[in-house]
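The values are calculated or read from the model by the stated rules, or taken from the named source; none is laboratory data. Since the structure is predicted, the reported quantities are computational estimates derived from the model, not experimental observations. As a convention, Cβ positions derive from the backbone with ideal geometry for all residues, glycine included, and neighbour counts pool all protein chains shown. Protein only, heavy atoms only, side chains kept; ligands, DNA and RNA dropped before computing areas. Shrake-Rupley method; radii C 1.70, N 1.55, O 1.52, S 1.80 Å.
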Amino acid sequence: MASDEDKLLHIVMFPWLAFGHMIPNLELAKLIAQKGHKISFVSTPRNIERLPKLPPNLSTLINYVNLPLPKVDNLPDNAEATTDVPYDVVKYLKKAYDALQEPLTHFLETSKADWIFYDFVPFWVGSVASKLGIRSVFYSIFTAPFMNFMGPASVLMSIDQQRIKPENYTMPPPWVPFPTTVAFRYFEVMKNTDSALDNDSGFSDLYRMGASIKNCDFVAIRGCTEFEPEWFQVLENIYQKPVLPVGQLPSTGLDGGNENNAWQWMKDWLDNKSRGTVVYVAFGSEAKPNQEEVTKIALGLEKSELPFFWVLRVRRGPSDTVVLQLPEGFEERTRGRGVVCTTWAPQLKILSHENVGGFLTHSGWTSVVEAVQNEKPLVLLTFLADQGINARVLEEKKMGYSVPRNERDGLFTSDSVADSVRLLMVEEEGRIYRGKIKEMKDLFVNREKQERYIDNLLDFLGERNRTPQT
C-alpha cells in the first residue's frame, strides 16, 4: 500500500475488445490496485459482464466504466468482442471501437486521471490524453520479441522498403543485433498479411501499433527481463523512449464462477486417467482452425493413442455460419479415451490437474504462461497474429515442439500431430522439453519477482507524475 495519500494514483485502463487483451489488462489492474491505487477499467457493458468477478478486497479500488459500443453497419447486435464475430467482421468491431473516442474523451475530462494505459487498436488515445494533461502508456500484451520483430514506429506507420515481400518477414530484421531464429514462417506471414494490412476499418493494424508507440509517454510490455533481457534492450533503442516490463502476469486464481458445475464432470473424467497421460488441446479465444485442420487434429489425436481433452470452438459467435465438424465416427472410436468439449472450460484448472501431461496449443502467451505455471510441456500449432513469433521463442528455448508443417501453405498431417504429441509426452526425445518447462517456472510465477516489476512500474509512474509535463 502506498504510504501517503498524495502518492496514490488514478489509472485508467482501456484494452482492445478481445479477451486475450482484456484479461492481461485486468491482471495488471489487480496487481496495481493491491498497492492501494485506483483503477478505472473502461470497456463495453457486455464485456464487463463477462469478465471474472473481482476479489472483495479490490472491488472498491477497481471501478468498471461502461461505454456502450456505438452501432456501425455490418456489426451484429450484441457483438462486443472478437469472440462474438467471424474473422472478416472484426474490422467493423474496430470501427465501432474507434467511435468510442468521443465518449472516452468525455469520461477522461471529468475523471481526474493521472495516467491512461491503452492497447494497440485505439492509437488515438495518446493524443487525446496529451491534450487533456493526462500521461499515457501504450501497454502491449504482445511479447518483447514480437514487438522487436515488428519494429520501430516509423517502420510500422509506413511501408518499409526492406519489408515489401513476404520473405522479408521470414528472417530477423536488421535492427536485431544478435543471432536468433525468431521470425515468421512463410505460411504464417501469408495468413497474417490480410489482417495486418487491412484498412477496411480505416487504419491497418500495423499503423495502429506504430501510432500507439509514437503517441505514448512510455511503453509497458508483458514480460520479464530475466527471460528475454536482450529483447527489452533492443526495444528501448528502437523506440527511443522508456520500455518497462510488467512481469508475466501469471493467473492469480483458478477460473470458476457460475461454471463450477461444468468443472465437476471434467474433474471426474480427468481423475479416472493416469498421472501425466492426458494431452490438453485448446487454441484460445481467437484462433479457429479451418475444417481441414480440425479433421487432421482429430485424426492425429486418435492415432496418438493417448487420452485427450479437447476444447473446440466450432464457431465464432452466432453470426458465424461456418460450423466446424468432427470426422465421422471419431467420437465413437475415441469414447472413453478422449473428450471434445464445445462449451466453456476452465483452462487453468484443467492444466493444474496432475493427470494432464502436455498441452497442444496455439502459442498465445496467456496460455503459455498458464502452461509454464503448471509445468506442462507444449506442442505448438500456430494460427494467427503473434503466435508464430511466440512459437519461435519457445522452440529456441526448448520449451515447446512445433508440429511439422509445409513451409509454403502450412499444411500438416494427422501423423505429424500424433508423432508430435507422443514425442512431447512419452518419448525420450521429448525429455528436454519436459525438463525445460519445469526449469522456467520460477521465472514466470515467482511472486517476489512479479511484485518487484509492479513496484518498479509504480515508482516510475509516481516519479513521472511529479514531473511537470513539457
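Tabulated data for the structure shown
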| item | result |
| --- | --- |
| Failed item, numbered, when Val182 is tested on (1) crowded, with 19+ Cβ neighbours inside 10 Å; (2) in a helix (DSSP H, G or I) | (2) |
| Members of region 304-343 found to be in a loop (DSSP other than H, G, I, E, B), of a type in the set (A, V, I, L, M, F, W, C) and closer than 27 Å to Lys441 by Cβ, listed by number | Leu306 |
| Those residues of region 102-120 which are part of a loop (DSSP other than H, G, I, E, B) and either touching a His at 6+ places or on another chain (Cβ under 8 Å) or loosely packed, with under 15 Cβ neighbours inside 10 Å (or both), in sequence order | Lys112, Ala113, Asp114, Asp119 |
| Options Lys436, Lys376, Lys441, Lys449: the member that is part of a loop (DSSP other than H, G, I, E, B) and open to solvent by 10 Å² or more (accessible area, probe 1.4 Å) | Lys376 |
| Selected residue [out of contact with any His (no Cβ under 9 Å at 6 or more places or on another chain), open to solvent by 20 Å² or more (accessible area, probe 1.4 Å) and part of a loop (DSSP other than H, G, I, E, B)] from Asn78, Asn63, Asn57 | Asn78 |
| Residue, farthest from Thr225 (Cα to Cα), within region 247-279, restricted to residues that are touching an Asp or Glu at 6+ places or on another chain (Cβ under 9 Å) and modelled with pLDDT of 95 or more | Leu270 |
| Residue list for region 187-201, filter: crowded, with 16+ Cβ neighbours inside 10 Å and at pLDDT 75 or above | Phe187, Glu188, Val189, Lys191, Asn192, Ser201 |
| Test: residue in region 394-405 that is part of a helix (DSSP H, G or I) and open to solvent by less than 10 Å² (accessible area, probe 1.4 Å) | yes |
| In region 406-419, the residues that are assigned to a helix (DSSP H, G or I) and either within 24 Å of the chain's Cα centre (by Cα) or at pLDDT below 95 (or both) | Val417 |
| Failed criterion for Val294 (all others in (1) touching a residue at least 40 places away in the same chain (Cβ under 8 Å); (2) open to solvent by less than 50 Å² (accessible area, probe 1.4 Å); (3) part of a helix (DSSP H, G or I) hold) | (1) |
